[in-house]
Structures are given as C-alpha cells and as structure tokens.
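Have a look at the structure below before the remarks.
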Amino acid sequence: MSFWVETVLLLAAMCAGGWIFRFVGRKVTNNKPFFRDMSYGVAFGYVLGAAVLVWLIWAYMLSRSSDMMVANKYFFLGKAIEGFLIFAVAAWIFRLFGRKVGTEGSRKLFRSMPLTASFGIMIILIYAILAIFAAGIAPHGQEEVFARANIVPGGDVNLGGDPAFPLGTDQIGRDILSRLIYGAQNTVGIAFVTTCLAFFVGGSLGFLAATLGGWTDQLLSRAVDVLMAIPALIFSLLLITVASAWFTGFGLTVSMVVIIAMIDSTRVYRLARAVGINIVVMDYIEAAKLRGEGLAYLVFREILPNATAPLLAEFGLRFCFVFLTISALSFLGVGIQPPLADWGTMVKDLSSFINYAVVAPQIASAPLLAAGAIALLTVAVNFVVDWMLHKSSGLKE
Amino acid sequence: MASILLIIAQRLALGLVTLFVVSIVIFTAVNLLPGDFAQLILGQGATPEAVESIRRDLGLDQGPVVRYFQWLAGAVQGDLGNSFAQANFASFAGSDTGSGLSSVAGQIAPRFENTMFLAGVTAMIAVPVAITLGVLAALFRNSVFDRATNILTLSSISSPEFFLAYILILYLAVQNQILPSLSLVNDDMTFLERVRMTLLPALTLTLVVTAHMMRMTRAAIINLLASPYIEMARLKGLSPMRVIVKHALPNALAPIINVIALNLAYLITGVVVVEVVFGYTGIGQLFVDSVKIRDIPVVQACCLIFAAAYILLNLTADIMSILSNPRLRHPK
Amino acid sequence: MTEQLLKVRDLKIEGRSDETWNPIINGAGFDLKKGEVLGLIGESGAGKSTLGLAAMGFTRDGCRISGGSVEFDGIDLVNASADVKRNLLGKRIAYVAQSAAASFNPAHKLIDQHTEAAVQHNVLSRADSEADGIELYRKLRLPNPEEIGFRYPHQVSGGQLQRAMTAMAMACRPDLIIFDEPTTALDVTTQIEVLASIREIVEEFDTAAIYITHDLAVVAQMADRIKVMLKGDEVEEAETREMLSNPKEEYTKSLWAVRSFQRPQKPAVQTGSTPVVSVKNVTAAYGKVKVLHDVSFDIHSGRTVAVVGESGSGKSTAARCITGLLPPMQGHIEFDGEVLPLDYRKRNKMQLRQAQMIYQMADTALNPRKTIGELIGRPVQFYMGLTGNEKRRRVEQLLEEIELEPTQYINRLPSELSGGQKQRIGIARALAAEPKFIICDEVTSALDQLVAEGILKLLAKLQDELGLSYMFITHDLATVKSISDEVVVMKDGRVVEQGPKDEMFKPPHHAYTDLLLSSVPEMDPDWLTDLLKQRGVDNIGDAAVSNM
C-alpha cells in the first residue's frame, strides 16, 4: 500500500511544483510573455520532465553502485543511458565532420541536418561497412562451433566469460560476436535485395498504371486491392508454408525473398501509382503528350525524375518493413534458414537467457543485443526518412 | 440521405466481393502444395487403403472447384473442416478415421476469443493514450515535448515486437516481479486475473500501436490546424480549447477514425509474434504452430479469419468517415 | 469622426525559412480614424496580408513582429497578453478572408458560426444574435435570408458565402474589419454585388476597415485613402482621388500606366480567305455532362481571337477540343482548310507541331527537373531534328527572342526563375516548334499586372515578326481590350456573341456581353456609385444574370 501512497504524494508534489515554477518564473522575469501566457498544463509538463531527468540520473548512479544486487537491477538502464549518450556524442562529432569534409553540396546538407538524421546516416554507414566486410571483421566464422558453449558475454573470467569471446558463445558454442557481424550481412543483405525486387516490380507497374490509365490501371489496382486485403505477415506465413513443401534450406530462403518482395510490391505499387498520378496531371506532361512523345520518354524522362524524392523516402520505410517482417519470420522459425547467422533466429535461440537477468545481467544481454541490432538499424533508417520527408514537405510551402 | 445509404451499400458489397476473392486466393495458394494431403497426413508408410479412406473423408477425390465451394459453403456456416493434426493422431491411435477427426472450428473458437480479449485490452489502453498524446504533440508542435515524443515513437515503431516484449519482460517480470512473463490464460480465471495475465502482451502491442496512432493523429491534426477556417476561428477570439474542440475535432473525426481502424488492423499482424513470445493461447500462436506442422485446414481457416477481420476493420473505417463527412450527410 | 482608432508605427515583421528569420515587412506605419476605409494595395509578395493581420495583433505561424508598435484604441497590441488580444478579436476587430469557402468550417451551419463570436464574447444572447444574423443577411441582399443561415457552407455559392462572412464579421458590430482580398476568387459579375454590399454595410455601421487587394479599380471604389506597398516597403499613401489623379512615386505611376497598352485594330479579314483554325459546330462532353454546345468560330492568319467568359463557360474545353485532348462528340476542327483527326494520338507530327499551347500556371507547365536549355531544346530536337551545337544555337536564338540573356539562363532550373520569366520560357518552348497557331490559356492571369503587361507586349511583338495566330483564352476584359483583334464571348458552353473587337466594345451588345462589360470595375472612384444608380441595387451580379 505504501507504494500507492508514495505515488499519490509524488503526484501532488509535482502538481504543486508546476504552480510554484510558473509563479516564481513570473516574479523573477517580471512577467515576461513566456511565463505570463504559460498555461498550467505546460508548467506541469516542465516539472514532470525535470522529475524524469532527475530519476534517470539517480538510476544511473545506482547502476554503478557497489552493492551488486542494486547494480544488477539498474544494469540495463545504466547501459542504455551510456549508449544513448555515446551515440549522441558520436552523431554530433559525425555531423561536425560532415560539415567540414566533402563536396559543397554534402557540406550544405550536413549544416541543416538535425542530430537524429546524422545519427541515422552514421549507423547506416556502420552497418553497410559491417555487412560488406563481415568476413574480414568477424573474429570467427558464422558456422564455427567451439568446445565451450554458453560463455557469458563481457569477457570477465570471474563471471564465466572468456576474453577470446567478448560477447560469449551460444548454446551450441558459436561465437555470438561473429554471428552478430555475419547477421548484418545476411539479414540486412537479404532485406535489401528483397526491397529492391519489390521496388522494381511495384514501381514499374505503378508508373505504368498511372501513365496509361484506363483498363491497365483498373486491372492492376483491383488485383492489388485484393492482395492487400490479406495482412502481410499472415499472407507471407501462408505462402512460406506452401514453399516449405517444395524447398528446404537455402532454396527456402530464396523463395521467402521472392514471396515477401511480391507481397511488398503491392504497397510500392500503391505509392508509385499515387505519385505518378499526381505528376501525370501536370501541364508539362500534357505538353509532352501533345508534342507526340512516346510512352518510354514520358515515364523515364518526364515522370521518374520528379518521383525520386518520395520514392527514396518510401524505399527507406519499405526497407524497415521488410527487414522487420523477415526478422519476425526468422523469430517464428520460418524465415532465414540455418546455418546462415541471422538476428531474428538468434533472438529466438537465446531468448531463455533473459530469465538470468536478476543474478547475472550480462547473460541476459545476449538476446537483447541481437534484437537491439535490428532495432538500431530500423530506428536509424526511420530517422533519416523522417528528416527527408520533413525537408521535402518544408520545400512545398 | 438516400445517396449516402447507396454509397455505404456499395462499400459493403465491395467488401464482400473482396472477401470472396481473397478466399479464392487463399484456397489456390494452399492447393499449390505438392502431392496428396492424405499422403502428407499419414506419412510414407501408410497403406493405400488408409490413404483412400482419408481421401474420401476429406473429400480429396473431388475436383478443386467442387472442393472450393464445399469449403466455402462450410465456412459460411461456421464449419471450417477438420484438422490434419488431429486426424494424424487419430489414425495412429488406431481409432476409426471417420469419427476421430476434430473440427477446426472447435479448435479455433476458444483461441479466437482469447485473441479478441488481448486486442480489446490493447485497444482500451492504446486508443485514449495515443489520441491524447497526438493532440498534445500537435498543440505543442516543435516544442521539446514534441521532439522527444517524435524520437520515442519513431524508436518504438522501428523496434521489432519481440525486442519490446523482452525489454518489458526484463523489467516487469524478471527484475521486478510485477507481472507474469508467461501469459497462460484459462477459462477458470476471474476477469481480473485474466487481465493481469494479459497485461504484458497487451502492453507490448500498446507500445507499437500507440506510437503509430499517435504520429498519425498528430499529422492529421496539424494538417487541420493549418486550414483557413481554424485561422478564422482564432481570429474570432475564441479560446484555444474551443478552437480545438468545436472547430478542429469535428473535422478531425474522419482521419482519427481511420487511424484507429488502420492500427487495429495492424494489431492482427502484431498479435502473431507477441502471442508466441508470451505463450498466449490465441489464434496467432495456433496459426504459427499449424504453419510449422503444415496443418493445412487450420492454416487456411486462420488466414481467412485474419483477412476477414482486416477487411471488416477497413470497411468500418471507410463507412465511419463517410458518415462523418458533412458534404455527404447534407447533400446540396 | 476624427477620433483615432488604429495607430501602426514602424512595424517590422519577419518570417522563418531555412532556420533563419527574413524580413517580410521592413517598417510600415499608418493611422486609421473611426469609420475610415484604408486600401492596402500591392503585388504578390508585397506583404499586404501580413500587414493587415498584424493590425489585429496577429501573426501567422512562422512569423513574428520584430519591431514597431500597433496601437488599437489605446491598447498596445504587440505587447498585449493573449487574453487581452482574444477579448478584442471578433468583438472589436473582425476579419474577412480571401476564400470564404475555405474559411467557413465545413462541419457547422452558417448561423452557428455567425453567432459564435457574439455569444462567446457575451455581446448578445444566442437567440438575439441569430435574429440579428438574419437581419444582416437581408441587408446584404442574400437570397432567402431566413433560411440560408441554416445551410452548411458547401451548400452555398462562393459569392453568397463571401457576403455571409461579411455578415459574420459584423456580428459584434466591430470598430474595425480587415478585408483580405474578399473578391479575388470571384467572377466579375459576382464580384460587383459583393463589393456593393460590403460598401453599403460598412457605411451603414460606420465601421473602419482595411481593404487589402491587388486590384486598383476595386480599391478605388472601396477606400477613402490608399497605401501602396512593394516587397515589404511602403511606397506612398494618399487620399483616393489624389492618389488616382496624381501619383507621386515612379512605381505607383507604372502601376497606373499598365492599363494603357493597346494594339491598333487590324484591317478586316478578306472575305473568302481560309482561316488557320476553324472550329465547326463542336459539341463536347465530359462523360455524360455536355459542356460545349454547337460552338463555331474561325481564327485567321496573324490574328488574335480572344475567347472570353466566366468560370465554367467552356472556354478551356474549347481549347482541349482543338488540341485533341478531348475529342468532340459532334463537329470537327479544320487546320488550313484540312480536317484534323479528332484525337491527338491520331495526328501526325506535322499536325501536332503546327498548333502549340501556352499554359496559365507556368509552374506546372515546366518540368521542374529540367534546365531551361533542355526544356526548349526538346521540341527543337524532336520536331526539327537539330542536335549538338545547332540545337544549342537555336535555343540561344529563342531565348533572345523572348528577351532573356541566353548564357545566363540556359543552365538554370525553372525554380530559379520569376513567374514572368517562367511564362517566357513557356512561350519559347511553343515557338521552338515553329508553329502557325498558339493557344494562350489565361497566360497572364497568374501574374502581377506589370509582368503581365510585359508578356502581352512580347506576344504582340512575336505575332508581328512571325505572323502567328493566337487563340487567347481569358476572363479579364482589360486583357481582351489590349491584345485581341476579334472576340468570342462564351456562356454556359455556348457562343453568345462574336465579332471584331471594335464592334464588340461599342453598343449595342448582346445582353450578357453588356453585363460582362459593365461589371468590370474602372479606375474612377465614382464608378460603382454611378453603376448602382443606373442599374439599381437589385439588378447586379447573379440577380442580373438570372434576370436575363
């Protein structure tokens, strides 16, 4: 019961705090408009924000406490705060670097860039490098099995770690760090290929429908309507079930790529058609038609150059979607097939380690690292896309 | 009023046609499976007589068109056929193949109820929170609050459901034992116990759905606040609250309803992963299990149910936004 | 009458773009007495709307007042708290927006929106305000004043909405109303009745007003004093008659002079000569809706035919029939005596080349991703087969013809050009095909007056040099006067009257032509008063159209 009493007291204190904050603000600044026109809700918001900030600092202190029980409890929060700060500083330095180096155009881009976007670009670059040079960077092979299984991450011998395997080994003795790095190649690579395929198919059909109109458009659009009426994950699960009767192993992975690309191309089709139709009604398209230009010229020279910005943003969003779908399928055990290292599968395999969090948080961190690797990339891509969309909407005004 | 009823009737008909075509697509996809279902059920060692008997029981000796309409007629009446998994078990147990088959509908019904319960709890939390936050973010756009929620929601959308699920398990089930990490619901539980069991998966889904819904609400409201009639309302000297409630909200209804329906539809997909993580006995978990053992009638039925729910939600959104449009409600 | 109401001093306003603040108004000031009407006039981007809103102590999102003062009846609006300002807005200062259709909330009935300000500011009870609203609707001569308030905005026409909005502004009998281009979006025949009713009601209640517009003739009817703005700077300010008869600044004089450009009438066309384009009994429809009924007219070599009509009269549809974008149901198009295929896809390159088009919105007519060189170069290459240096030379020659320096513009994108320059590129692209005939679809209506005049002069020059024929679609009779040789008047998809310009502008006219001509405001401040006397208040605008 004391928990509830404390909560109520805390809330009451914050309510009073909001009022005091505004009152003092008005007195000190001699009724400046900022405080004069401040509503009570806003004042309360400031106090609430400050309270959260104080709690975070306090929790971070506890995570470094010498009492292991307390430190363990705040271990993940502490690491999250450290990670957040490190990434923020790195993104800031990266942006500073981007403003100084590169062509005139790229430097200009970096100057108007919010920190979230430069963080996104930095992460995407790191992932790209990891994916391309995975074989050179990873200390061990992705399928290599070592004698000692279940080595604890952290490399601390006292806690059951091993400096040779900084992130430990999994339940059958494969190096988790190497599998994470190879995962970048497999998971990201496969998602990228799938998205490209979806864009090629959906994009060309969408523009075709927009330019030709009439029957072509009707037929394609109705077909897409039907396919989109089945939720994407459900439909892909169904089709993969069918495919799994025909293929196994690598063949199944390829058929998964094709299936997801086809399902996703319906979404791309919708967008490409919508963007295309907005462009087709422009007078310059009418002028080109009246000039007697052919279909290819219309699509590639008049429409496509004007559609790149929205399509690029959509590519980012679709990539995230495809990437999450593949991860979810792998997590459910029907996605990317072993022995390829893949983050979704790793989360599934390592998930039981979570329950050790109370005694040894390091053990529980293994599945979270793989899941975090997925989240980090999608967050990064989303930040960049968000910035691009914001920029293009700003230009329209 | 007649014209609006006509539009709604058209939408309903369109929804039915879509569902019909979707059922064909699902049926065709399943029939792409190689070989014979009967062989698939009984395995390689089955006697030809046993295979033949199963074929007859399942109606596999008919052509695909006949089978489709038999399946569809059954589905309309609530009979979704019999589960292979049970048939398999029954035939190995040596009992009579004719009576040992268990119906798919019987298997799905209780799980469907559980899933609806989970989706319901999620919606009860997510919808009010998301709309409140969305309106606040739109009101204080470009403030610190708006930017912070933007970053948080983007991160939440970007994270796979199982990542959010494990983080919640870590904090609420393992490190602080507030909620159970496995959501084992059964019929003997009281309502409150059930809610407690369902809370963790519901919270996971809430995180994802709220973020989506909040961002879309914010965008819809900001779009609206830029319109000349809102400026006019402000220039009439109305209080900010009145501008929002009286002038923005009635026009925001259509987009907000759309946002809610879209996200509830999204829940359907999200439910699959979350149910697996928490071992929640819902239709999503049944679906994944059936996919793994290739229990075709169950997969087919689940697919149809998911698609139907999806179409129904989109249809509802469509009709609600037609009803909330004054131009359609009060024609010239 | 002489009591001071509004005092604006050295007002500076900035707008935010690309994370920096740029000035929109660089110090403007004026005074307004009770019951006085000030006309604010300027071209687009002059900052007149921003200044008008600032007079209410209001700035749009992304703008801020960075200096100066606004004093309304002794209250400092720049530093006033939100509550103080809110108490003035709607009650003592009201606003009438440009687009009434967008500024009425689509979800509420007109009367509910009308009474809102009065009820919220505790001026009148709901019932009293409603009765007063109906009274105001009657004063503003809205049809069915008892009933019209209970409709939704989309059920009421544009001109009526604009008057209902004026009534709404009057709901609390404010001391000051800001009119922000209230008639810009309306047709001339509708504009006149809105102008008449606004002026009447402002006079009746002795309300002070700021009337913002870009149309000199309109402001001459409405304002006691006129203030001219240019790119955020004030140019000059004087009494209306003084300003019209004796402008002091160069810029003002040039604005006044715009309407003087006129081409001499060409000799009559020889009977029996073959017209370049001949529209023969064309009937056309969008789906099942007929939009053109048996339309016929000829365009002769070296002539300009102006096709005039209000929105929805079918003048642009006629152009779409000629170009083949909308194949007519009946009738046909002849070019140099030869019958053209109805659908443009069936026409050959030669036929397509001979007829070119210039569009109203240069922004959408030029592909934003192509440089000027590519835009003009494409038809040169496509029709003439020129490539490499020859193509470049031809493009440069064309740019010189439209009076743009080739080396400076050839590599630019359309977004780096002003509105007038873009329209010139549109002309060059049409010329690149070396056509005989050009359709000009409202080419000057999106441009400011001075720029539009330049375009008209250029088109006239090109016609003299190259012997072009123009079909000039417009709703603006001043443009017709200045450029056309022959006039075709259209209404509801039919040709009402056609003939040489001189005849058309001399009586006797067809009744509709007469209405159209007499509804165009003139620079004379007494014009509206005289017209109302002559025609009577109930025989203008929609009423007059339906009386016909």
Q | Candidate residues B:Ile311, A:Ile132, C:Ile24, C:Ile372: accessible-area rank, largest first, probe 1.4 Å | A | A:Ile132, C:Ile24, B:Ile311, C:Ile372
Q: Quick one: pull the percent of accessible area on the stretch C:277-518 belonging to carbon and sulfur, 1.4 Å probe, ligands and nucleic acids left out.
A: 47 percent
(Q) Below 8 Å, C-alpha to C-alpha, sequence gap of six or more: please give me the relative contact order for the stretch C:398-513 in percent. (A) 18 percent
Q. For the stretch C:277-518, what is the charge dipole size about the Cα centre, in debye to the nearest 20, if Lys and Arg each add +1 at the Cβ and Asp and Glu each add -1 at the Cβ?
A. 960 debye
Q) Amide H neighbours of C:Gly39 under 5 Å, counting only residues 5+ apart in sequence or on other chains, H built in-plane at 1.01 Å? A) C:Tyr211, C:Asp224, C:Arg225, C:Ile226, C:Lys227
Q.
With only alpha-carbon pairs counted, each pair once and no self-pairs, how large is the Kirkwood hydrodynamic radius of the protein assembly as shown in angstroms?
A. 35.9 Å
Q. Which distance in Å, rounded to a whole number, links the C-alpha centroids of the stretch C:234-257 and the stretch A:1-33?
A. 60 Å
**Q.** CD proxy at 222 nm, helix term only [per DSSP H run n ≥ 4: -39500 (n - 2.57); per residue of the protein assembly as shown; nearest 500]
**A.** -19000 deg cm²/dmol
Q) Hey, if you put +1 on the Cβ of every Lys and Arg and -1 on every Asp and Glu Cβ in the stretch B:112-292, which of B:Pro255, B:Ile157, B:Asn114 ends up farthest toward the positive end of that dipole? A) B:Pro255
Q: Please turn the phi angles of the stretch B:270-278 into ³J(HN,Hα) values with the Karplus equation 6.51 cos²θ - 1.76 cosθ + 1.60 (θ = phi - 60°), one per residue in order, whole Hz, x for glycine and proline.
A: x, 4, 4, 5, 5, 4, 5, 4, 9
**Q.** Accessible area buried between chains C and B, both sides summed, probe 1.4 Å, in Å² to nearest 100
**A.** 2400 Å²
Q. Looking at B:Ser143, B:Phe20, A:Ile129, which one has the Cα that reaches farthest to the positive end of the dipole of the protein assembly as shown (charges on Cβ: Lys, Arg +1; Asp, Glu -1)?
A. A:Ile129
Q: Could you run the Karplus curve 6.51 cos²θ - 1.76 cosθ + 1.60 with θ = phi - 60° over the stretch A:302-307 and give me ³J(HN,Hα) per residue in whole Hz, x for Gly and Pro?
A: 9, 7, 4, x, 8, 9
Q. Magnitude of the Cβ-charge dipole of the protein assembly as shown, K/R +1 and D/E -1, about the Cα centre, nearest 20 debye?
A. 1260 debye
Q. Once all Cα-Cα distances of the stretch C:4-256 are split into 5 Å bins that start at 0, what whole-number percent is in each one?
A. 1, 6, 14, 17, 19, 17, 13, 8, 4, 1, 0
Q) Can you give the direction-averaged projected area of the convex hull of the alpha-carbon atoms in the stretch A:1-63, in nm²? A) 5.2 nm²
Q. Taking H as built 1.01 Å from N, whose amide H comes closer than 5 Å to the amide H of C:Ile177, not counting residues under 5 places away?
A. C:Ala94, C:Ala208, C:Ala209, C:Ile210
Q: Name the aspartates and glutamates eligible as straight-distance cross-link partners of C:Lys315: C-alpha to C-alpha under 12 Å, and not fewer than 8 places from it in the same chain.
A: C:Asp441, C:Glu442, C:Asp492
Q | Derived scalar couplings ³J(HN,Hα) [the stretch C:447-453; Karplus, 6.51 cos²θ - 1.76 cosθ + 1.60; whole Hz; x for Gly, Pro] | A | 10, 5, 4, 5, 5, 4, 4
Q | Percent antiparallel among DSSP beta bridges (both partners in the protein assembly as shown, rounded to 5) | A | 55 percent
Q.
Can you tell me what share of the DSSP beta bridges in the stretch C:4-256 is antiparallel? A percent to the nearest 5 is fine.
A. 60 percent
Q: Can you list which of the GluC sites (Glu not before Pro) found in the stretch C:1-99 are DSSP loop residues with at most 15 other C-beta atoms within 10 Å?
A: C:Glu3, C:Glu19
Q | Assigned charges on the beta-carbon of Lys, Arg, Asp, Glu; chain C dipole about Cα centre (debye) | A | 1940 debye
**Q.** Sites excluded, trypsin sites (Lys or Arg not before Pro) in DSSP loops with at most 12 other C-beta within 10 Å, longest stretch of chain A
**A.** A:149-397
Q) Amide H to amide H under 5 Å from C:Gly47: which residues, 5+ apart in sequence or cross-chain, H placed 1.01 Å off N in plane? A) C:Gly232
(Q) Report the Cα-based extents of chain A along its three principal axes, largest first, to the nearest Å. (A) 78, 72, 49
Q.
Is the C-alpha gyration tensor of the stretch A:87-201 telling us rounded, prolate or oblate? Criteria: a/c under 1.5 is rounded; beyond that, a/b larger than b/c is prolate, otherwise oblate.
A. oblate
Q) Helix C:110-120 versus the longest principal axis of chain C: what is the Cα-based angle in degrees, 0 to 90, to the nearest 10? A) 30 degrees
Q: Rank A:Val101, A:Ala59, A:Ala13 by how far each Cα sits towards the positive end of the charge dipole of the stretch A:1-110 (+1 on Lys, Arg Cβ; -1 on Asp, Glu Cβ) and give me just the farthest.
A: A:Val101
Q: Of the listed pairs C:Lys253/C:Lys481; C:Lys280/C:Lys349; C:Lys7/C:Lys91; C:Lys280/C:Lys346; C:Lys280/C:Lys436, which have alpha-carbon separations greater than 25 Å here?
A: none
Q.
Tell me the Rg and the Dmax, in Å, that the Cα atoms of chain B produce.
A. 24.6, 86
Q. Over chain C, what lengths in whole Å, largest first, do the semi-axes of the equivalent ellipsoid take, defined as the square roots of 5 times the eigenvalues of the alpha-carbon gyration tensor?
A. 45, 29, 21
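The values are calculated or read from the model by the stated rules, or taken from the named source; none is laboratory data. Bear in mind the structure is a predicted one, so any value in this text is a computation, not a measurement. Note that we place each Cβ from the backbone using ideal geometry, even for glycine, and neighbour counts take in every protein chain shown. SASA here: full protein model, heavy atoms, side chains in, ligands and nucleic acids out. Shrake-Rupley method; radii C 1.70, N 1.55, O 1.52, S 1.80 Å.
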